[in-house]
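Rule-based calculations on the coordinates, nothing more; no lab input. Quick caveat, the model's predicted, so the values are computed rather than measured. Cβ sites come from the backbone with ideal geometry, for glycine too, and all protein chains shown count toward neighbours.
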Amino acid sequence: MKLSPLSMAGALMALLFLLFSSDAQAQKEPIKWGKVPAEELKMATYEADTSAAALVLADYGNIYFDLGDGKLKYVLEHHRRIKILKRSGFDYGDVSIGYYEDGEKITGFKAHTITPNGETFDLDKSDIFEEKVSDDWARMKFTFPRLEEGAVLEYQYNLTSEYYFSLREWYFQREIPTLYSELRLKIPEWYDYIFLNQGRNYDVSETDQRTESIRVPNVVQSDAFGNQQRGIDLVQARVNAYRFAMKDVPAMKEESYVTTMDDYLARLRFQLRSVQYPGSGYNPVLSDWPTVAKELMEHEHFGQQFTKSRFQRAVMEELEPVLAGAATKAEKAKLAYAHLAKIMEWDEDYSFLAGEDVDDCLKRRKGSSGELNLLLLAALTALDVECYPLLVSTRGHGKMLELYPILNQFNHVAVIADIDGQAQLFDLGSHARPAGIPRTSSLNGMGWIVNPANPQWIELTPPMSKSARMFKIAIDGQGAVHSEVQEKHEGYYAVSYRQQILDDKECAFVREDWQKHFPDTEVQSLSFKGATDLSEPVSLSFQADVPAGAQVVGDFIYFNPILMPDFEENPFKLQTRDYPVDINYPFDLNNIFFVDIPEGYAVEEVPESVKITLPNEGGKFEYLISEMGPDKLRVICRLTLRQLHFEPADYPTIKNFFDILLEKQNEQIVFKKQI
């Protein structure tokens, strides 16, 4: 997104006023190069978190604006100091600094290691490497010399960037504790930035407006031939100065069921909202949602990819044989999706724009997530199906902001279409995933419909996924277990099984899963259905023989009927949690076990039946055991979870829920030999 062209007067005013230097910062910097306090150098452990492998002693950033060569830029001065506490913290000796090859550069770089006895070892320039990550993105990489426990690692650099629409975000929190983190900014009053704060409150938050002397370029005509000479003037202008700091910031430890830790780490982001130079009019930078939708639909790498007739013709030539005989739009839409899902391969790249035209992607049978779904949009549009692009941010990319039309918050596009009067989500990229089942990475709460007439945010509600397994179990006197198993999987569980079957026609993964629990397991008579028909559940049946599935001790046999538990450990290990639990999709896991009482034995002891529910019908766990006649037991172990989001205050509830589940599924039935 670019600023509207400035008038000549505005441009001249920009040249007169935009050079802004950092030498007027009034307050002392929090750290000085190489000056490590003795107590930090001697530190052997961090008392607030004795498990920490490393500790950020200080992280200091200073952002200011510059126009040294006539182009508006900002500069980030970054100075970081890390303490290595354990050998496992040596990983923090490997550092990479990312930057855009066009429009950004790193200068003033230096790094050194200070050993616990005070010796200093500078990083040799030959140990600094440049690595190209993508067409636009590169990174500088290096490894600190002389790593050892107790060492202090220190580096600093200046990043100069022309991408002033979004300043570099600042992280106050990381996966290791931070003793002190501070960011300072000096922004000329002509720039109005949105500050997007996330996470804990600041220990220091200061804002000051001051008048400062700013160096500005001054062009002086030197002779009659028009030769010019650049000079420098000092002008008085108002500058907004900010200072934010956090102290003793705990490590953010990752757990299961989280979108991305970036959503919860304490950080500060910046987005330019408007520009107003002295003597010039107000210049908005952020647009509005209807305008953004209109511009996207006119964009050659977005809307034109599915509205242009040549792209529609290309995909319809491919689909024509497949659609023969289909009578309704709904049938044609589903057949078109199924065929494209079968022939097109995802190249593992997320995007909502097309890097190359969709007809070229069709020819090579491969494309980014954006190219695949723009191709599908071309097909559905040609079929006269009402459909729209749906922009999303994948779970790993971060949460979206509904308030501000910021395009770089999105990294993926799916398709929403009207199928028989019902909105259905399509998301190409897997041979195993049917229509209506978007990729799990797309399940990030919301999505934005690109419809110029009615752009809107919608909630993405994933369908219930189900897994039902029935076991008929016989146990002999030596503890060998024979089990006849039937399974049926729907939703995302079907996708997972279908993909494994497509990858391995022999289904060795079934035997391997059992052998993780019981190494000597033999799996026989395996058959399956629904591997190729995306609209059907996936069903499996087989026999599993486990030589030591039960434990024989004297006159007793101890047997845990939950042979293949859905959860082998509690996914929630922390006692408390500072960020929400976000589960991808609702699920229902139903396991039924019919256990024959071993010949010559009687039931001595069985686990107690239990039924627990989460508040507001958010979930339910049942463990029910009963006799089925004189020689058979039935055990039902069922877990249903409907609630997908739990705030930190509700974390003890979901943790305790899984604690009970794990405890019950580890309990045993006891049989006693009859005399």
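Below, the figures for the structure above:
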{"item": "Span-rule helices in the chain, defined as complete DSSP H runs reaching 18 Å or more along the axis (Cα) with Kyte mean at least -1.0", "result": "309-323, 329-343, 369-382, 651-665"}
{"item": "Alpha carbon convex hull of the range 289-459, volume per residue in cubic angstrom", "result": "103 Å³"}
{"item": "With 5 Å bins from 0: P(r) over the range 389-438, alpha-carbon pairs, percent", "result": "4, 19, 22, 22, 17, 11, 4, 0"}
{"item": "For E255, net neighbour charge (Lys/Arg +1, Asp/Glu -1) across residues whose Cβ lies under 9 Å away", "result": "+2"}
{"item": "Summed side-chain charge close to P284 - residues other than P284 whose Cβ falls under 11 Å, Lys, Arg +1, Asp, Glu -1", "result": "-1"}
{"item": "222 nm mean residue ellipticity, helices alone, for the chain (DSSP H n ≥ 4; -39,500 (n - 2.57); rounded to 500)", "result": "-5000 deg cm²/dmol"}
{"item": "Kirkwood hydrodynamic radius of the range 276-315, from inverse mean 1/r over distinct Cα pairs, in Å", "result": "12.5 Å"}
{"item": "Cα convex hull of the chain - mean projected area over all directions, nm²", "result": "40.0 nm²"}
{"item": "Mean separation of Cα contacts under 8 Å, 6 or more apart, over the residue count of the chain: relative contact order %", "result": "9 percent"}
{"item": "Rh by Kirkwood over Cα pairs, then Stokes-Einstein D for the range 535-646 at 0.890 mPa s and 25 °C, µm²/s", "result": "142 µm²/s"}
{"item": "At 1.567 mPa s and 4 °C, Stokes diffusion of the range 594-659 via Kirkwood alpha-carbon radius, µm² per second", "result": "92 µm²/s"}
{"item": "Counting all C-alpha pairs of the range 359-447, share separated by more than 20 Å (%)", "result": "36 percent"}
{"item": "Least to most buried among W514, W346 (fewest other Cβ within 10 Å first)", "result": "W346, W514"}
{"item": "Extension gain from M464 to Q515, taking 0.36 nm per residue of separation minus the Cα-Cα distance", "result": "15.4 nm"}
{"item": "Selection from Q478, Q524, T653, by position along the positive dipole direction of the range 465-673 (Cβ)", "result": "T653"}
{"item": "Burial ordering of R498, R238, R267, fewest other beta-carbon atoms within 10 Å first", "result": "R238, R267, R498"}
{"item": "Gyration tensor over alpha-carbon atoms, the range 465-673, equivalent ellipsoid semi-axes in Å", "result": "29, 25, 15"}
{"item": "Cα centroid separation - the range 133-161 against the range 490-514, whole Å", "result": "42 Å"}
{"item": "Within-13-Å neighbourhood charge of E206 [Cβ basis; K, R +1; D, E -1]", "result": "+1"}
{"item": "DSSP beta bridge pairing in the chain, given as percent antiparallel to the nearest 5", "result": "90 percent"}
{"item": "Which of L574, L272 has the fewest Cβ neighbours within 10 Å, and the rest in rising order", "result": "L574, L272"}
{"item": "Relative pair counts by distance (%), Cα atoms of the range 402-463, 5 Å bins", "result": "4, 14, 28, 26, 16, 8, 2, 0"}
